[in-house]
Amino acid sequence: MRVAFVGKGGAGKSAIAGTFCRLLARTTGQAVVAIDSDPLPGLAFSLGQPSSDTPLPPELIEKVGDDPDSTWQLRAGTTVIDAIEEHAPQGPDGVRLLQFGKLRGHVRAVGPSQHAFRVIVRELATTTDLHLVGDLPGGTRQAFFGWAGFAEVLIVVTEATPSSMLSARRLARLAGADGGGQTVVAVANKSVSENDAARIDEFSGLRVVGTIPRDPAVGAAERAGVPLLDLAPTSPAVTAIGSLVEAMAREVVA
Amino acid sequence: MKIAVVGKGGAGKTTTSAVLARTLARSGHRVVALDCDSNPNLGLSLGVGIDATEALLSVRDRVGDDVEHARSWDDIVDRFGADAPDGVRLAMVSKIEDPDFGCP
């Protein structure tokens, strides 16, 4: 499956995405690549990956032709599988983490790595037998601007609060304007009431495919800097994310 | 004074900004609250409500439009802003309306 998590900052995208990747790897036994396009660190912690900042070397790619506006491709002789085996390190449960590195100064500093990242993601999206799970930065900036094109399903993580649902509604509207043909669904996170899913559905117009309860284990894992899955493997949140993996498996088949 | 509140998503920037703005206004200061997020929610935390927050026009959208350009910053705030509780004047800098390729 190829999915991407989007939503308001703080909605819980990275916590869910990291746990989702590892449960997907466990249940299918297949290769999972976690795609982190957030210029701030996050996903590495929920996966349990040792490094949250590993830029891609610019030598991975080359220009197609000499035109200044020409696009990039992988350097001749390098396959996308070579690229991820060398530059997307494996962490717990065998999940690979692909990222372009984190902003330490001006955005230009990660520019070459970003080009390589985009080329690899584009190639991965047409590679079979790989699961891709994206974790996008918070807000509406990136979701439909060429960063989530690999995904068959966009999962909007939202709380049943006005600001979070407003962000979800904007994301739903932008998805419609983008016309990328992607399925867009919502997940009710930090849920405290059985009405939350219905409120999110009504406000945003998005079909809610899963509900993850408010769970103190999530905050405890974040404060400790360890993956939720390792700190509290039987917690309600982990159980709910497991159900989300199953729901997404049905979604991409359907 | 001019204050910018920054930080990671979910850290509490918008809530902090709104409380700062209204607290300063209550102590008698003239306050402009600028929402610089491309996913702007400051209106909700200030208390202007969902509809008024969504109805705010971004400064960026109006510059270069056929609307007559504002002459000064306070003209911009007057024309494109909204009144929030405690006398705070809210204005929005940018909001994403149309998907297009871009930087992260």
**Message:** Looking only at segment A:1-130, where both bridge partners belong to it, what percent of the DSSP beta bridges are antiparallel (to the nearest 5)?
**Reply:** 45 percent
**Complete:** Tilt, helix A:13-28 to longest principal axis of chain A (alpha-carbon atoms), in degrees rounded to tens, equals 80 degrees
**Fill in**
Any lysines whose Cα falls less than 17 Å from that of A:Lys13, other than same-chain ones fewer than 8 residues away, would be A:Lys190, B:Lys8
**Prompt:** Tell me, what is the FRET efficiency for A:Glu62 and A:Leu103 to the nearest 0.05, using R0 = 22 angstrom and their Cβ-Cβ distance as r?
**Reply:** 0.35
**Prompt:** How large is the dipole of segment A:119-238 about the Cα centre if only Lys and Arg carry +1 and Asp and Glu carry -1, each at its Cβ, rounded to the nearest 20 debye?
**Reply:** 400 debye
**Request:** For chain A, state the semi-axes of the equivalent ellipsoid (square roots of 5 times the eigenvalues of the alpha-carbon gyration tensor), sorted largest first and rounded to whole angstrom.
**Result:** 29, 20, 17
**Fill in**
For B:Thr23, A:Thr19, ascending order of other Cβ atoms within 10 Å (fewest first) is B:Thr23, A:Thr19
**Request:** Please report the relative contact order for chain A, taking Cα pairs under 8 Å with a sequence separation of at least 6, and give it as a percent rounded to a whole number.
**Result:** 26 percent
**Message:** Tell me the angle of helix A:111-124 to the major Cα principal axis of chain A, expressed in degrees between 0 and 90 and rounded to the nearest ten.
**Reply:** 70 degrees
**DSSP bridge pairs, the protein assembly as shown: antiparallel proportion in percent, nearest 5** = 15 percent
**Request:** Give me the percent of DSSP beta bridges within segment A:89-243 that run antiparallel, rounded to the nearest 5.
**Result:** 10 percent
**Request:** Have a look at A:Thr28, B:Thr14, A:Gln90 and report the one farthest towards the positive end of the charge dipole of the protein assembly as shown, computed about the Cα centre with Cβ charges (Lys/Arg +1, Asp/Glu -1).
**Result:** B:Thr14
**Net charge over other residues, Cβ less than 13 angstrom from the Cβ of B:Val5 (K, R count +1; D, E count -1)** = +1
**Asked** Counting other C-beta atoms within 10 Å, which of B:Asp35, A:Asp69, B:Asp75, B:Asp86 has the fewest, and how do the rest follow?
**Response** A:Asp69, B:Asp75, B:Asp86, B:Asp35
**Request:** Among A:Ala224, A:Ala186, A:Ala198, determine the one that fluctuates most according to a GNM of chain A built with springs between C-alpha atoms less than 10 Å apart.
**Result:** A:Ala224
**Request:** Only Lys, Arg, Asp and Glu count, each charged at its Cβ (+1, +1, -1, -1), so figure out the dipole size of segment A:26-160 about its Cα centre, rounded to 20 debye.
**Result:** 300 debye
**Item:** A:Thr127 paired with B:His29, simple spin-label distance in nm, labels 7 Å along Cα-to-beta-carbon
**Value:** 5.2 nm
**Fill in**
Going from the fewest other Cβ atoms within 10 Å to the most, one would list B:Phe80, A:Phe100 as B:Phe80, A:Phe100
**Prompt:** Alpha carbon centre of segment A:154-228 versus segment A:79-100: separation in Å?
**Reply:** 28 Å
**Asked** Pairing the Cα long axis of helix A:162-178 with the longest principal axis of chain A, what angle in degrees results, from 0 to 90 and rounded to the nearest 10?
**Response** 50 degrees
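Each value in this text was obtained by applying a stated rule to the coordinates, not by laboratory testing. Values in this document were obtained by computation on a predicted structure and should not be read as measured data. Cβ: placed from backbone, ideal geometry, glycine included. Neighbour counts: every protein chain shown.
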